[in-house]
1. Condition first: part of a loop (DSSP other than H, G, I, E, B), surrounded by 17 or more Cβ atoms within 10 Å (Cβ to Cβ) and at pLDDT 75 or above. Now tell me which residues in region 387-412 satisfy that.
2. Which condition does residue 235 not pass, out of (1) in the same structural domain as residue 341 (by TED's automatic domain parsing); (2) part of a loop (DSSP other than H, G, I, E, B); (3) modelled with pLDDT under 95, if it passes all the others?
3. Quick check on region 174-195. Is at least one of its residues over 29 Å from residue 530 (Cα atoms), in a helix (DSSP H, G or I) and in contact with a helix residue (DSSP H, G or I) (Cβ under 7 Å, 6 or more places away or on another chain)?
4. Would it be correct to say that residue 415 is closer than 28 Å to residue 319 by Cβ and surrounded by fewer than 19 Cβ atoms within 10 Å (Cβ to Cβ)?
5. Check 60, 112, 37 and return the single one that is at pLDDT 95 or above, surrounded by fewer than 18 Cβ atoms within 10 Å (Cβ to Cβ) and either in contact with a strand residue (DSSP E or B) (Cβ under 9 Å, 6 or more places away or on another chain) or on the phi < 0 side of the Ramachandran plot (or both).
6. I'm told residue 572 meets every condition in (1) under 9 Å from residue 425 (Cβ atoms); (2) surrounded by fewer than 19 Cβ atoms within 10 Å (Cβ to Cβ); (3) touching a helix residue (DSSP H, G or I) at 6+ places or on another chain (Cβ under 9 Å) except one. Can you identify the failing condition by its number?
7. Whether any residue in region 218-228 is closer than 30 Å to residue 281 by Cα and in contact (Cβ under 8 Å) with a residue 40 or more places away in the chain is what I want to check.
8. Looking at region 473-504, which of its residues are surrounded by fewer than 20 Cβ atoms within 10 Å (Cβ to Cβ) and touching a residue at least 24 places away in the same chain (Cβ under 8 Å)?
């Protein structure tokens, strides 16, 4: 039986006082209380006005067991509307009070909203105050945890670094350690970002400011999907998108676009102040991969529990489909499916209720190996048993349509010295993804018709090769342009036909040395580029081929490099670039695969 199927009986409550334990003054607070009947029974208090230290009130829904006793509290703070988050029922029926809160300046909460691209959002202080408010309630045992994914996970790290006394554990899911980690150095990912601004963040701001609709994400998504998607993704330059945003958001987006290399989150520094353990989930196709938070807490967290008990589960998932067996057109089998919420309940049972369920003795990392479609464990990431396999690029010609491809082999071959292709930003390589604009696993055969992608393949493998970690490409290349991009994609070619994308990486030439500095190319000069791909674990099975693709675009997942050396986010000029990829003993372009133990091992 779901919450929606349970009848709500309206109850009114008297006006009362709230005392926040960490020194806030008492504030009058009126709650809209509804009682939920059912097998266990759920008490729902809607739109509770929770006071913050600066006098602002944040609107909060409280769900708790309708029975006597005191319960651990689970806090989720969100800018997405407290009624749109994860269902509370399973947590409550497991014996928890659930607090869902609209963050500052969003939906029913007071204050002014500030994007997480800004340094001072007050979300850290608001989170601290909310945790301590929850602990002070007569229905709370004083043990508090936090949960939530993406933006809601970022909010958890913000409050955790302030170390509220009653915070005991968290489950911050799928958020990178820094805003720039969402992109690759120097680039901008417009597809998902612009959709997010227009359909998720802007509507509520327009509603609050009495601006024209859409006023809800539902309205905005319908407009995007049926009418505006093509036009908005075709905006040149990207800075022009601010014309369609409410002024408050437009100002913050403009600042973001002018400072793409800024580091407002500083979660790697925050790790040093965090004392509680985290249970994380992320995926091989998650554009918000959170592995750096896991490794950062393991190495640098202030508390021993945070260092030794933080855990992560990594599956064949993208940002929107955590725990699912199916991603895009690929099915990774029944082992890929997990119940994330039940795993979180088990996590909080140990840390907030003191139930000895053995979770403290389990390995820190549980990861899914594609190909084998099985789970493996490790005390750290990457697995300690990793070795490296080097595969060198070579070819016999420069016409790289699907029937004429280069080679990947363990030895350098001096045949044709380089391969060429043309990158035209007006005709970029299209991103293979769904309408929600989330990065996902794709079948690269769909792009085999394009001649602006170089493809290098091994012979059919004589045995399984298991890769775990971050593959890397050292690419020797030249361009006719002063600035351009190079993408590297690792692909698993199945002899039965499918070519599954495994992971990818990219480099923007001007930022090849640093996100914070520019170093333009000398047109025609051979330059070495280091391209670090995203994390993965994949077993390339016997008979399969390992494919490496080299191109210069992935649009609209990434903004097009205009090849001019100007600021592509603010300038509309574009030029064609002639690209050369070199491979010889003098220019040993190569793919480095981090190998884990074999299936037999």
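1. Listed by number, the residues that qualify are 395, 405, 412.
2. Here residue 235 meets the rest and fails (1).
3. Within region 174-195 (the criterion being over 29 Å from residue 530 (Cα atoms), in a helix (DSSP H, G or I) and in contact with a helix residue (DSSP H, G or I) (Cβ under 7 Å, 6 or more places away or on another chain)), the answer is yes, since at least one residue qualifies.
4. Numbers: closer than 28 Å to residue 319 by Cβ: no; surrounded by fewer than 19 Cβ atoms within 10 Å (Cβ to Cβ): yes.
No; evaluated as a whole, the condition is false for this residue.
5. That would be 112, the only listed residue that is at pLDDT 95 or above, surrounded by fewer than 18 Cβ atoms within 10 Å (Cβ to Cβ) and either in contact with a strand residue (DSSP E or B) (Cβ under 9 Å, 6 or more places away or on another chain) or on the phi < 0 side of the Ramachandran plot (or both).
6. The failed condition is (1).
7. The answer is yes, given that some residue of region 218-228 is closer than 30 Å to residue 281 by Cα and in contact (Cβ under 8 Å) with a residue 40 or more places away in the chain.
8. 474, 480, 482, 494, 495, 497, 498
The values are calculated or read from the model by the stated rules, or taken from the named source; none is laboratory data. As the structure is a prediction and not an experimental result, all values here were calculated from the model. FYI the Cβ positions are ideal-geometry reconstructions off the backbone, even for glycines, and counts take in every protein chain you see.
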